[in-house]
Amino acid sequence: MSLDDPLIVNDTADAVKTSTQPAAAASALPPRFSCFVTGTDTEIGKTLISSAMLHALVQRGVRACGMKPVAAGAELRDGRWHNDDCDQLAAASNVHLPQSITTPFLLREAAAPHIAAALEGVTIAAVPILAAYVEINAAADATVVEGVGGFRVPLNDDFDTADLAAELELPVVLVVGLRLGCISHALLTVEAIAARGLKLVGWVANETVADMAFADENVAALAQRIDAPLLGRVPRLATPGAQAAAAHLDFTLLPNWPAHTKL
Ligand SMILES: Nc1ncnc2c1ncn2[C@@H]1O[C@H](COP(=O)(O)OP(=O)(O)O)[C@@H](O)[C@H]1O
Ligand SMILES: [Mg+2]
């Protein structure tokens with residue numbers, strides 16, 4: 001049932017008559033916030049920025065959950081398979097679900113996902129991810145989905161990260177790891193996002209290396225060419241963490257970003 005469906009309260013004539021009106025409670029619901037975080041590459045700050053977003057949501061009193069649908073590289077500790085990204089997203093979330101839901105495909109080998117999956121005889125597919133996403137949405141008011149690697153990383157022979165973002169129908173936030181070469185990587189990613197019919201709703205300039213030459217000029221060149229708001233520029237942090245990164249970001253520029261709900 002969608003929020004637009006008529007609400008049948010009971011079978012009295014009056015109730016049936018009023019049931020064609022939108023339900024007052026449903027129409028008063030705030031729009032939920034969800035997005036897909038992608039990046040110009042692997043190791044450029046997607047997990048850091050996703051965690052910062054979750055931290056900011058939790059600070060606003062929102063029930064927020066991170067999702068890393070496909071993660072490659074896990075180690076067994078205390079009887080549980082751990083992946084750094086999954087652990088960081090869980091630490092920044094305030095809704096905690098079984099890892100099999102937040103990460104339907106947790107692969108052991110730290111390799112390209114389709115390779116790691118083949119090693120385990122697994123085929124990564126959209127359906128389990130979409131089903132898990134629905135479960136997360138039922139438990140949380142905001143969901144931040146972190147992609148794997150760059151935007152066109154293959155997940156199986158005919159399905160990649162971009163296809164996954166499209167299946168999830170999510171607006172995209174692009175993290176640009178500021179380093180030599182990032183302008184072309186960023187613009188190619190912007191093109192790929194548009195080619196899937198997805199909306200780029202914001203981007204982040206993340207200083208993954210200290211003292212990059214001409215960093216200001218690179219950010220200016222990107223800002224001139226990317227038709228989406230710059231959510232902020234995160235400097236090279238001495239102690240990288242969700243809270244420290246969030247201090248440099250303005251997520252209120254994102255559509256459906258929730259208002260403060262904490263008293
Ligand atoms: N602005 C930053 N300052 C300091 N360290 C950073 C910054 N951004 C990312 N890092 C570090 O770089 C590494 C890769 O970041 P991560 O968020 O895991 O990237 P990705 O998710 O894109 O692979 C991590 O160790 C992270 O702490
Ligand atoms: Mg990551």
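Since every read-out is calculated from the coordinates, none of them should be taken as a lab result. Model, not experiment: these values are computed from the prediction. Note that we place each Cβ from the backbone using ideal geometry, even for glycine, and neighbour counts take in every protein chain shown.
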* To do: Grab the Cα-Cα distance for Leu119 and Arg63, subtract it from 0.36 nm times how many residues apart they are, and report the gain in nm with one decimal.
  => 16.6 nm
* To do: Take the alpha carbon atoms of region 157-263, find their radius of gyration, then divide it by 2.2 N^0.38 Å using N residues; give the quotient.
  => 1.16
* Estimated FRET transfer efficiency (Ala194, Val127; beta-carbon r; R0 35 Å; 0.05) -> 0.85
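How high is the FRET efficiency between Thr239 and Asp87 when r is their beta carbon distance and R₀ equals 25 Å, given to the nearest 0.05? Let's see the in-between values first.
Working: r = 17 Å, r/R0 = 0.68.
Result of the calculation: an efficiency of 0.90.
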* How far apart, in nm, are two points set 7 Å out from the Cα along the Cα-to-Cβ line at Leu253 and at Ser184? -> 2.6 nm
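Only helices at least 27 Å long along their own axis, judged from Cα atoms, and with Kyte-Doolittle mean hydropathy of -0.5 or greater: name those in the chain from DSSP H.
Working: long enough: none.
Span-like helices in the chain: none at all.
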* Structure fact -> What helix-only [θ] at 222 nm does the chain give? Using -39500 (n - 2.57) per DSSP H run of at least 4, over all residues, to the nearest 500, the answer is -10000 deg cm²/dmol
* To do: Please report the orientation-averaged projected area of region 40-253, defined via the convex hull of its C-alpha atoms, in nm².
  => 11.6 nm²
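Counting only C-alpha contacts under 8 Å and six or more residues apart, can you give the relative contact order of the chain as a whole percent? If you can, show how the numbers build up before the last one.
Working: 496 pairs, mean separation 64.0, N = 263.
Relative CO of the chain lands at 24 percent.
Ranked from highest to lowest mean number of other Cβ atoms within 10 Å per residue, what is the order of the peptides 226-232, 112-118? Spell out each step's value before the answer.
Numbers: 226-232: 17.4, 112-118: 19.6.
The peptides rank, most packed first, as 112-118, 226-232.
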* Structure fact -> Taking the alpha-carbon centre of each part, the distance from region 179-204 to region 229-263 in Å is 20 Å
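Pull out a ≥ b ≥ c, the square roots of the eigenvalues of the alpha-carbon gyration tensor of region 207-263, then state rounded if a/c is under 1.5, prolate if not and a/b is larger than b/c, and oblate in the remaining case. Present the calculation step by step, with values, prior to reporting the outcome.
Working: a/c = 4.44, a/b = 1.35, b/c = 3.29.
Taking the square roots of the gyration eigenvalues as a ≥ b ≥ c, region 207-263 is oblate.
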